[in-house]
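The values are calculated or read from the model by the stated rules, or taken from the named source; none is laboratory data. Source: prediction; values computed, not measured. Ideal geometry is used to build each Cβ from the backbone, glycine not excepted, and the neighbour counts take in all protein chains shown. Note: accessible area is taken over every heavy atom of the protein model, side chains too, but ligands, DNA and RNA are not part of it. Shrake-Rupley method; radii C 1.70, N 1.55, O 1.52, S 1.80 Å.
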Amino acid sequence: MEANTHLQSEPHGPPSGIMRWILTTNHKDIGTMYLIFSLIMFFVGGAMSMVIRAELFQPGLQIVEPEFFNQMTTLHGLIMVFGAIMPAGVGLANWMLPLMIGAPDMAMPRLNNWSFWLLPFAAIMLVSTLFMEGGGPNFGWTFYAPLSTTYAPPSTTYFIFAVHILGISSIMGAINIIATILNLRAPNLTMMKLPLFAWTWLITSYLLIAVMPVLAGAVTMMLFDIHFGTSFFNAAGGGDPVLFQHIFWFFGHPEVYIIILPAFGIVSSIIPTFSRKRLFGYSAMVWATASIAFLSLIVWAHHMFTVGMPLTGELFFMLATMLIAVPTGVKVFNWTATMFRGSISFETPMLFASAFLVLFTMAGFSGLMLSIAPANMQYHDTYFVVGHFHYVLVPGALFSVFAAVYYWLPKWTGYMYDEILGKVHFWLSFIGVNVTFFPMHFVGLAGMPRRIPDYALQFADFNAISSVGGFLFGVTQLLFVFIIIKCVKGGKKASAKYWDGAHGLEWSVPSPAPYHTFVRPPEIEEDKDYF
Amino acid sequence: MQRLSVCVFLMFASLWTCNGVSAFNMKKGVSDVSNSVYDLHMTMFFICICIGVIVYGFMFYAMIKHRKSKGAKASNFHENAFIEIVWTTIPFLILIAISIPATHTLIKIYNQDDSEIDIKITAYQWKWQYEYLGEGVSFFSNLQTPKEEIVGIRKKNPNYLLEVDNPLIIPVDKKVRFLVTSSDVIHSWFMPDFAIKRDAIPGFINEIWTKVKYIGTYRGQCAELCGKDHAYMPIVVEAKSQQEFDSWIKNKKIEAKKERELASKKWSKQELMTRGEATYKKICAACHQPNGKGSPPVFPALDGAAIVKDKDKIAHHIDIVTHGIKGTAMQAFIHQLSLVDIAAVITYERNAWGNKTGDVIYPQDINNYIKTGKYQPQNK
Ligand SMILES: [Cu+2]
């Protein structure tokens, strides 16, 4: 009874000033902070990629020394994965999940606050290594031992603690998301009525809980090898450097899906809206997501086809990896079928979602090629791989985040964004991405290894093209910031349901969404869709 | 739409016909295995194109034809168990079909029996050592591109970064087995023409083999990030006729014998300094820099270092250079350098830059040190 009266008390507004943000337990505030943080890190990581592309514009050493180049590739990877893409996903989850499932907030609001506030400290610790004696981490984002232990710069200890903190933040975020989705759904909103974004985040959270502790274990073993004389990964002391790779990829492969599954969820919301047609094969989509997540846990050694595994190991990991193509294919076919005979319009979110569909499918093709173990001996550790995973991460994960931001920005700010500028942002990004990453497949096939600051002359033309594309893409993102600021400042007022084809509970609250929503759970109708 | 897909198809078909000589496709290579790998790659590529034409066909068709602005009305089908089963099963069958040749090639790669020549490949930061097992021939292979070309003061030659001082020599039409390992961090021996990429891992020995069909010079690179000069440890293999190979290895053996004899020769300080400078530039400068200043804190300076300057630390100095410093990038050079080179490089270190100690270390001193663990200067 008491709980009931509490629920019905009048919602209060946020406190003012900086303390609002430090102390907030409001999912919308925290979501906003996650998104802003991720945008900042996107530019930090992006600046590093500009250094990389500038150095690779021509063969020879022009701008940076190899030591610094290695720090740039390492931190670019770490920051983009842990600082930009993952927090962007969590930010969207924070903002939208409670709205989508009719919950007043996340299940554990204080934990939520802490999950976020760990991030800036981890990020500062990570970036500060650049200014330490001996430089920052220079062993690649995969930090293979013993390059990252015995042979690492002194700042590696800070890197290890940064990874620990990021991991703790992710695990707490994941627990919170699971608890929210399982417990705080509006009455009668059954699991099979959930939007796919909720489903993909639920499954992603389980993946996070499964693999983040493994990553923490790996870096802890590194810490012991470096400071306490153990030899987990040191062959001279009886350790095993290959063990490191097994542990790392047991985390690292699911990590890829941790990044891409929420993207699947976003696209599954946007494509039906702008096709004005229900998502095709909803339950198949849920099952495909679950099976991708399961398979992602048993394919890790396909990153290690060249370490000298026994034949049976190679075969198992090759076949298991090829299997992932099946549920992934199902997803692509279902999205296509959703668009088919729809009534499609291409506002900016749909442009990004369509580009996701087309280019992610490309990444799927190169992924399928990479899964073939004998051919992988040629592709592995070349730019073919770099091209492949950048197609997964940029027009895949990043474009879906762009799509989500344009899709929901009016819900957050109460104003429509500038559609023309949005489209310009899309087309420049689309061109930039392809000019940057498509040629990488070619130089990779021709044999250019990744992570080198200098290369043989036959790779020069394609690298120059990649660099030009990279600069175009980089500069274009300033426009994104401008569009967001413009939209926050004002513009055309957004209605509650400003996309005519949209479904779901988030469209039943006004725009901007009030500080407290669904203080009373919404009515769920028996035979209506909420996805 | 159709025109577009035909266009795309032609574009990729032209890629196909380039048969591995182009700068943007995988090399067909010069061994049976590399040919199978290439065929596998092209088959996969073709399958992807076919699937792509169909999937993208539907996608673009919908995107173009079923637009609201064209007056398209949304139909409301959203489920069809039959089609779901079809598009789950067909990819599955395609995968099974692909897995057969892939498995076949993999088994071929893993067939290790009956090698005719065994070569041990040891990776070092940042060079390769090749050892012909049972022949007593062993040498290092270093990048040969001059610094001037790298920093752009001199025009880059066509083999820029893909040239070494001592290439690996193998005979054609013989099954050559490589035993790949590392002395420090993980590297990867990558030779595209043989479709070989094998990680060189400290504490492990990985086996891989090839049988090269054509005489020629083949170029590759280290493929696993191995520290600062990862981009600068190329691999060059020369495949020669059996005859040429035999005479080459004979010469190598004679050279090795001469080298061993040098150790008992009387050396002057000047000779040692000249030889030491060359060795230093080639081997040590990568970490300790040509000017001996190193790049602290990881790579210490040798100019002015106590170990290098103090008379009573000579034994310690010899020990560091011969046996390395455990758990650091400082390797045990006893396996890499001859006694003469070790003596020469130590003499050089102790007299170069500001270290004008006047100490001269002779090959015999090194030999004694290795045998007895003591430094007892003999020929003053
Ligand atoms: Cu290497």
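Shape analysis of the stretch B:117-260 yields a ratio of the Cα radius of gyration to the Kirkwood radius, Rg/Rh, of 0.96.
Helices in the protein assembly as shown, meaning DSSP H runs of at least 4 residues, each add -39500 (n - 2.57). Divided by all residues, the mean residue ellipticity at 222 nm is -18500 deg cm²/dmol. Between B:Ile334 and A:Tyr498, the distance separating the two model label sites (each 7 Å from Cα on the Cα→Cβ line) works out to 7.4 nm.
The mean accessible area for residues of chain B, using a 1.4 Å probe and ignoring ligands and nucleic acids, is 47 Å² per residue.
The Cα atoms of chain A cover 67, 51, 46 Å along the three principal axes, with the biggest extent listed first.
Scalar couplings 3J(HN,Hα) for the stretch A:88-97, obtained by applying the Karplus form with A = 6.51, B = -1.76, C = 1.60 to θ = phi - 60°, are 4, x, 5, x, 5, 4, 4, 5, 8, 4 Hz; x denotes Gly and Pro.
Expressed as a whole percentage, what fraction of the accessible surface of the stretch A:134-278 belongs to carbon and sulfur atoms when a 1.4 Å probe is rolled over the protein heavy atoms? Reported share for carbon and sulfur atoms: 68 percent. On the beta carbon distance between A:Asn188 and A:Glu419, with R0 = 41 Å, the FRET formula returns roughly 0.65. Applying 1/(1 + (r/R0)^6) with r as the Cβ-Cβ distance of B:Val86 and B:Asp173 and R0 = 30 angstrom yields a FRET efficiency of 0.05. In the complete set of protein chains, residue-level accessible area for B:His323 is approximately 90 Å², probe 1.4 angstrom.
Measuring nothing but protein heavy atoms, the accessible surface of the stretch A:288-414 at 1.4 Å probe radius is 81 percent carbon and sulfur. Sorted from largest to smallest, which semi-axis lengths in Å does the alpha carbon gyration tensor of the stretch B:72-137 give for its equivalent ellipsoid, taking the root of 5 times each eigenvalue? Value: 55, 19, 6 Å, ordered largest first. Each residue of the stretch A:406-421 is assigned a 3J(HN,Hα), and the resulting list reads 5, 5, 10, 3, x, 5, 7, 9, x, 10, 6, 6, 6, 4, 5, 4 Hz, derived from the Karplus form 6.51 cos²θ - 1.76 cosθ + 1.60 (θ = phi - 60°), x at Gly and Pro. For B:Ile208, the amide hydrogen comes within under 5 Å of the amide hydrogens of B:Phe178, B:Val180, counting only partners 5 or more places away or on other chains and with H modelled in the peptide plane. Counting only the Cα atoms, chain B fills a convex hull of 218 Å³ per residue. Solvent-accessible area assigned to carbon and sulfur over the stretch B:266-372 amounts to 59 percent, based on a 1.4 Å probe.
Fully extending the segment from A:Val488 to A:Ile18 would add 167.4 nm, taking 0.36 nm per residue of separation and subtracting the current Cα-Cα distance.
Got a sec? Which residues of the stretch B:64-82 lose 30 Å² or more of accessible surface with every protein chain in place, vs. that chain alone, 1.4 Å probe? When all protein chains are present, B:His66, B:Arg67, B:Lys68, B:Ala74, B:Ser75, B:Phe77, B:His78, B:Glu79 each give up 30 Å² or more of accessible surface. Counting only DSSP beta bridges with both residues in chain B, the antiparallel share comes to about 75 percent.
Per residue of B:100-112, other chain Cβ atoms within 10 Å of the residue Cβ number 4 on average. In terms of its Cα atoms, the stretch A:189-233 spans 54, 13, 11 Å along the principal axes, sorted from long to short. Note on B:Ile109: accessible area is roughly 10 Å² with a 1.4 Å probe, heavy atoms of protein only. The radius of gyration of the Cα set in the protein assembly as shown, together with its Dmax, comes out at 30.2, 102 angstrom. Relative intensity of the stretch B:31-103 on a log10 scale, I(q)/I(0) at q = 0.11, 0.13 Å⁻¹, equals -0.48, -0.61, per a Debye sum over C-alpha point scatterers of equal strength in the absence of solvent.
Write down the Å³ per residue value for the convex hull defined by the alpha carbon atoms of the stretch B:245-380.
Output value, Cα hull per residue: 123 Å³.
Is the shape of the stretch A:395-495 rounded, prolate or oblate, going by the alpha carbon gyration tensor and its root eigenvalues a ≥ b ≥ c, with a/c under 1.5 for rounded and a/b larger than b/c for prolate? Prolate, because a/c is 1.5 or more and a/b exceeds b/c. Ranked from largest to smallest solvent-accessible area, with a 1.4 Å probe on the protein heavy atoms, B:Val172, B:Val180 come out as B:Val172, B:Val180. Computed over the stretch A:256-399, relative contact order equals 35 percent, with contacts defined as Cα pairs under 8 Å that lie 6+ residues apart.
Normalised by residue count, the stretch A:132-213 yields a Cα convex hull volume of 104 Å³ per residue.
Put simply, what bits of the stretch A:396-443 lose 20 Å² or more of accessible area when the other protein chains are there, versus the chain on its own (1.4 Å probe)? Buried by the other chains: A:Phe438, A:Phe442.
Per residue, what accessible area does the stretch A:248-321 have, given a 1.4 Å probe and all protein chains present, in Å²?
23 Å²
Protein-only accessible surface at a 1.4 angstrom probe places the residues A:Ile40, A:Ile203, B:Ile318, B:Ile334 in the order A:Ile40, B:Ile334, A:Ile203, B:Ile318, largest first.
Kindly report the accessible area of the stretch A:343-433 per residue (heavy atoms of protein chains, probe 1.4 Å, no ligands, DNA or RNA), in Å².
Value returned for the stretch A:343-433: 19 Å² of accessible area per residue.
B:His335 exposes around 130 Å² of accessible area when a 1.4 Å probe is run over every protein chain in place. The shape of the stretch B:209-318 comes out oblate: with a ≥ b ≥ c from the C-alpha gyration tensor, a/c is at least 1.5 while a/b does not beat b/c.
In the stretch B:318-333, burial by the other protein chains removes 10 Å² or more of 1.4 Å probe accessible surface, compared with the chain on its own, from B:Lys326, B:Gly327, B:Thr328, B:Ala329. Going down the list B:Lys108/B:Lys250; B:Lys127/B:Lys374; B:Lys258/B:Lys282; A:Lys193/A:Lys411; B:Lys27/B:Lys253, which pairs span over 25 Å between their C-alpha atoms? Over 25 Å Cα-Cα: B:Lys108/B:Lys250; B:Lys127/B:Lys374; B:Lys27/B:Lys253. Between A:His227 and A:Thr157, the contour length at 0.36 nm per residue exceeds the alpha carbon distance by 24.3 nm.
Could you report the buried accessible area between A and B, both sides summed, computed with a 1.4 Å probe and given in Å² to the nearest 100?
8100 Å²
If R0 is 51 Å, the Cβ-Cβ spacing of B:Asn157 and B:Lys326 corresponds to a FRET efficiency of close to 0.80.
Modelled spin labels at B:Asn251 and B:Ile215, positioned 7 Å past Cα toward Cβ, are 1.4 nm from each other.
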